[in-house]
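Asks: I am attaching a structure below and will ask some questions about it afterwards.
Bear in mind that the values in this text are calculations on the coordinates, not laboratory data. Everything quoted here is computed from the prediction, not taken from an experiment. So basically every Cβ, Gly included, is an ideal-geometry build from the backbone, and we count neighbours across all protein chains shown.
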Amino acid sequence: MPENIKKVKNGLFLSIEGPDGAGKTTQAMLLKTRLENCGIEVLLTREPGGTPVGEGIRKILLNPEYAEMTVACEILLYSAARAQLVRQSINPSLKMGRVVISDRYLDSNIVYQGFGGGERPEIIEKINLWATEGLLPEITFLLDLDVENGLKRLQERDKNGKWQGDRVEQKELDFHRRVRRGYLALAANHPERFIVIEAEGSTAAIHERIWQKTESLLRKKNLL
Ligand code: TYD
């Protein structure tokens, strides 16, 4: 980390979204490192989780033993973890002038529990806007990927070949197709916030797309 730490006035909040296996976590880490090399402080956080309370909620949410969990329960647990994350980590970091990168945020709730799980997206949006005090990312990078390819990538990642997936990943293929369609619908409805990136390309090429946009946002804020 260079000695001169640069602060962004009011911070900059970015989220990375996409179906399981799209490579969000890798991209979030690459972006964090590149920003830090420019002397910018970064908070990288993941959902569900990111705080001790949130990590506890994450264990319940992803436990395959709770197959009976209802969609209503999921919505409230995910947004409870998010409420904690916003107050305990994201808002304080933005106030300190950091760039916050969230590996998933409220769009995951709208898409997985709404388009995937069948609850009304408008209700989920309302619950989440209350839970997050209306905090939305300035930019959401959507890594878009063919559903079969995404799940194949997850299986390949598992070295002993016995991939079973967590509770969400085990859901049927059609669920994951609805998730992808949901993401694309959200992106079409919010073009001012979403940047859709084809996630079949190389890790380096995807990173460059994300970097171009982030760099131009930071230039506008006179930081780079
Ligand atoms: P995780 O292991 O973090 O998956 P990934 O690496 O793909 O992000 O598990 C998160 C899972 O939870 C993922 O399948 C998406 C799902 N999810 C929801 O269903 N609703 C939500 O609000 C969030 C944040 C995640």
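Asks: Starting from the Cα of K126, step 7 Å toward the Cβ, then list every residue of region 62-79 with an amide N under 16 Å from that point.
Replies: 72, 75-76
Asks: Continuing with this model, one more query. Would you report the distance distribution of C-alpha pairs in the chain as whole percents per 10 angstrom bin, up to the bin with the largest distance?
Replies: 8, 33, 38, 18, 3, 0
Asks: In a Debye calculation with equal point scatterers on the alpha-carbon sites of region 89-177 and no solvent, what is log10 I(q)/I(0) at q = 0.15 Å⁻¹?
Replies: -0.76
Asks: With the crude spin-label approximation of a point 7 Å out along Cα→Cβ, what separation in nm comes out for N37 versus A188?
Replies: The two pseudo-label positions are separated by 3.8 nm.
Asks: Further question on the same structure: Charges only on Cβ, +1 for Lys and Arg, -1 for Asp and Glu: so what's the dipole of region 12-220 about the Cα centre, in debye to the nearest 20?
Replies: Values: 29 positive and 30 negative charges, 91 e Å.
Rounded to the nearest 20 debye, it is 440 debye.
Asks: Restrict the search to region 15-91; then list the GluC sites (Glu not before Pro) that DSSP places in a loop and that have at most 16 other Cβ atoms within 10 Å of their Cβ.
Replies: Listed in order of number, the matching sites are E68.
Asks: Follow-up question, since we're still on this one. At 222 nm, what value in deg cm²/dmol follows for the chain if DSSP H runs of at least 4 each add -39500 (n - 2.57) and the sum is divided by all its residues, to the nearest 500?
Replies: Working: 9 runs with 106 residues, N = 224.
Taking each H run of at least 4 residues, the total per residue is -14500 deg cm²/dmol.
Asks: Would you mind counting up the charge near I60? Only other residues with Cβ under 13 Å from its Cβ, with Lys and Arg at +1 and Asp and Glu at -1.
Replies: On the way: positive: R58, K59, R167; negative: E55, E65, E68, E74, D166.
The answer is -2.
Asks: Where the centroid of each part is defined by its Cα atoms, how far is region 66-80 from region 161-224 in Å?
Replies: Using only Cα atoms, the two centres lie 23 Å from each other.
Asks: Take each complete run of DSSP H in the chain, measure how far its Cα atoms stretch along the helix's own axis, and keep only those covering 30 Å or more with mean Kyte-Doolittle hydropathy at least 0.0; list them. It would help to have the intermediate numbers written out before the result.
Replies: Details: long enough: none.
Span-like helices in the chain: none at all.
Asks: Quick one: if the Förster radius is 30 Å, what FRET efficiency do R87 and L154 give, using the C-beta to C-beta distance and rounding to 0.05?
Replies: Working: r = 32 Å, r/R0 = 1.06.
With R0 = 30 Å, the Cβ-Cβ based efficiency is 0.40.
Asks: Counting other beta carbons within 10 Å of each residue's own, what order do W130, W211 fall into, fewest first? Before the final figure, lay out the partial values.
Replies: Numbers: W130 11, W211 15.
Starting with the residue having the fewest Cβ neighbours, the order is W130, W211.
Asks: Would you work out which of L217, N63, A188 lies farthest towards the positive end of the dipole of the chain, given +1 charges on the beta-carbon of Lys and Arg and -1 on that of Asp and Glu, about the Cα centre?
Replies: L217
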